[in-house]
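Notes follow once the structure below has been shown.
Values in this text are rule-based calculations from the coordinates and carry no lab data. All figures in this text were calculated on a predicted structure; none of them were measured in a lab. Here the Cβ positions follow ideal geometry from the backbone for every residue, glycine too, while neighbour counts run over all protein chains shown.
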Amino acid sequence: MKTRRSDRLIDMTRYLLERPHTLISLTFFSERYESAKSSISEDLAIIKRTFKFRGIGILETIPGAAGGARFIPSISEEETRAFIGDMTKEMSEKDRLLPGGYVYLSDLLGRPDVLRKVGRVIARQYIDKQIDAVMTVATKGVPIAQSVSSYLNVPFVIVRRDSKITEGATVSVNYVSGSSERIEKMELSKRSLKRGSHVLVVDDFMKGGGTVNGMKSMIEEFESELVGITVFAEGSFEGHRMVDDYTSLLKVDKVNTLDKTIHVSPGNYLERVFGKL
């Protein structure tokens, strides 16, 4: 059914947002709205301009018979800084400090609004990288991996510390815990990751880096390539951290268990992505 331009623009925008990194042909839109390709091209130009102005993302338009449009999600520097600033304030609240000096994150990483922003922010860093899968370890990293994978439009895989019968045959690796220096084991289903994949590792919190280093070993077992490592927050660590090439959105600088205070600052994300803190 032929549609008005206003209705067409709304539906095209929704369609593109729901299918990031997917090339959609002009022919498809033309047939969907019973409109000329020239009209569709004008509509895409409006959407492209708006996406750029609002910092929503990039709309690539590819000419030619096999061309079309591809939406690549992003987020503006201003919005990113505001989000990280908000998170540093919320993370610095006294009631987040748990016995043993642990920081409570479950409420933040259970909020859809926070997860959507985290997904966009992390995906923004790898906007020009080839990524075939997002990897995390069960359980708190799962919502982050799911959000990032939705913006990159790739599968996410979950490494577990104990095998599940529903996973079938698995690959296991031993790794040294960065904080306790104990030997631990993690497993991943053989069906989860294709050989030769380009993998992004994400997690909720990193201290000594042992778990992340274990996932690096897992990726090597699958003869795949590590593209990058990004964590929601990192903690201060006095010993030798097992990974040094990583990105963090937040950094827990100081924890005082006596007066129950915690100090959180921006991680190295702003410097790595925008070139300045």
Checklist entry - Which whole-number percentage describes the relative contact order of the chain, with Cα contacts under 8 Å and a sequence gap of 6 or more? => result 14
Next on the checklist: As an exercise, use a Förster radius of 25 Å and the Cβ-Cβ distance of Lys140 and Lys194 to find the FRET efficiency, rounded to the nearest 0.05.
Outcome noted: 0.45
Item to check | Base-10 log of normalised Debye intensity for the range 5-73 (one unit scatterer per alpha-carbon) at q = 0.15, 0.20, 0.25 Å⁻¹ | outcome: -0.40, -0.74, -1.19
Checklist entry - Ratio of the chain's C-alpha Rg to 2.2 N^0.38 Å, to two decimals? => result 1.14
Checklist entry - Within straight cross-link reach of Lys260, meaning Cα distance under 14 Å, which aspartates and glutamates are found once same-chain residues fewer than 8 apart are removed? => result Glu93, Asp95
Checklist outcome for this item: Exposed-loop cut sites defined as GluC sites (Glu not before Pro) in DSSP loop states with at most 10 other Cβ within 10 angstrom; longest site-free run of the chain spans 35-180
Checklist entry - For the pair Arg4 and Ala82, how long in nm is the line joining their label points, each one 7 Å along Cα→Cβ? => result 3.1
Item to check | Violating pairs (Cα-Cα greater than 30 angstrom) within the set Lys94/Lys164; Lys117/Lys185; Lys129/Lys207; Lys129/Lys276 | outcome: Lys94/Lys164; Lys117/Lys185
